[in-house]
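Okay, so here's the structure we're looking at.
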Amino acid sequence: MSIFCSKKLSPPVRVGTRLKNERERKKISLNQATQDTHIGKKYLEAIESGLFYELPQAVAYRLAYVRQYADWLKLDTKNIIHQFKREGGLDDIEQKHPHKTIPFSRLTAMPFLIRNIVLILLVLLFAGYLIWQVRGVLNPPLLEIYSPPEGFITSSKNIPIEGKTEPECQLLINGQSARPDEIGHFSVSIDLTEGVNTITVAAIKKHGKTTTETRHVVVRGQ
């Protein structure tokens, strides 16, 4: 007759508890473990407590932390990693297929289109500004003479020269400096002599571009 004896088995020790027990057996503080392993204290606490969902959401990081901790404690790393996986240490991480395509929709593409449109507009504005600046440098300044007209005949020996140029230009009338107002208008009286008088008006930009207008005025003798 066979006699069977029952033996009460102890529940298996969880992987986190194994790591914690080994650390405490060696009388190492959690702070010292953090310093030596360079693993964040909150992650070591999560591993020892079995709160694996508090670890980084990446398989590589979790396995590296557990492997490094076990190796530092001089435990069987393969056994620890195997138990860690069996206890669901990676179950809460969403597994994504490496070749899974990202669904495309007009809504997801909209920010990309808007960003490109804004970028193109900025480039066009900048190019337009550069062209405007270059034209401002290369083109001669505006100069219009309102009075007197070419070939004007008068008996007066004094006549106003009126016209318009660009406000920032230097203005010369028969070599004498004159100053336009804030919008470029000017009116300067000059003396004439009897006979034909040549009046030369020059507008000069700061970059040296010049526009010149000439008027001939005849003064009759009285």
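Filtered by the rule that a residue be farther than 20 Å from T154 by Cβ, modelled with pLDDT of 90 or more and outside any strand (DSSP E or B), the stretch 193-222 gives no residues.
Of the residues I153, I190, which is modelled with pLDDT of 90 or more, surrounded by 13 or more Cβ atoms within 10 Å (Cβ to Cβ), more than 51 Å from the chain's Cα centre (by Cα) and in a strand (DSSP E or B)?
Residue meeting the stated conditions: I190.
Looking at the stretch 148-156, can you tell me whether even one residue there is charged (D, E, K, R), within 23 Å of G221 (Cα to Cα) and in contact with a His (Cβ under 9 Å, 6 or more places away or on another chain)? Even if it seems obvious, please write down each step before you answer.
Taking the stretch 148-156 and keeping what is charged (D, E, K, R), we get 150.
Now restrict to residues that are within 23 Å of G221 (Cα to Cα): 150.
After this cut, where a residue has to be in contact with a His (Cβ under 9 Å, 6 or more places away or on another chain) as well, the list is 150.
Yes; the residues of the stretch 148-156 include at least one that is charged (D, E, K, R), within 23 Å of G221 (Cα to Cα) and in contact with a His (Cβ under 9 Å, 6 or more places away or on another chain).
The set of residues in the stretch 30-44 being more than 41 Å from the chain's Cα centre (by Cα) and closer than 11 Å to K20 by Cα consists of L30, A33.
Restricting attention to the stretch 175-222, the residues being among the basic types (K, R), under 19 Å from G163 (Cα atoms) and touching a residue at least 24 places away in the same chain (Cβ under 8 Å) number 3.
Of all residue pairs spaced 6 or more apart or on separate chains, those with beta-carbon atoms under 6 Å, a first member in the stretch 76-95 that is surrounded by 12 or more Cβ atoms within 10 Å (Cβ to Cβ) and a second member that is in a helix (DSSP H, G or I) and of a type in the set (G, A, S) are T77/A70; I80/A70. Selection of the stretch 44-67 for residues being within 14 Å of V15 (Cα to Cα) and not in a loop (DSSP other than H, G, I, E, B) yields L44, E45, A46, I47, E48, S49, F52, R62, L63, Y65, V66, R67. Within the stretch 90-101, the residues that satisfy the criterion of being closer than 19 Å to A64 by Cα and modelled with pLDDT under 90 are D92, I93, E94, Q95. The single condition among (1) within 44 Å of the chain's Cα centre (by Cα); (2) loosely packed, with under 15 Cβ neighbours inside 10 Å; (3) at pLDDT 90 or above that D71 does not satisfy is (1).
The values are calculated or read from the model by the stated rules, or taken from the named source; none is laboratory data. Predicted model only: the values in this text are computed from it and were never measured. Using ideal geometry, Cβ is built from the backbone for each residue, glycine included, and neighbour counts are taken over all protein chains shown.
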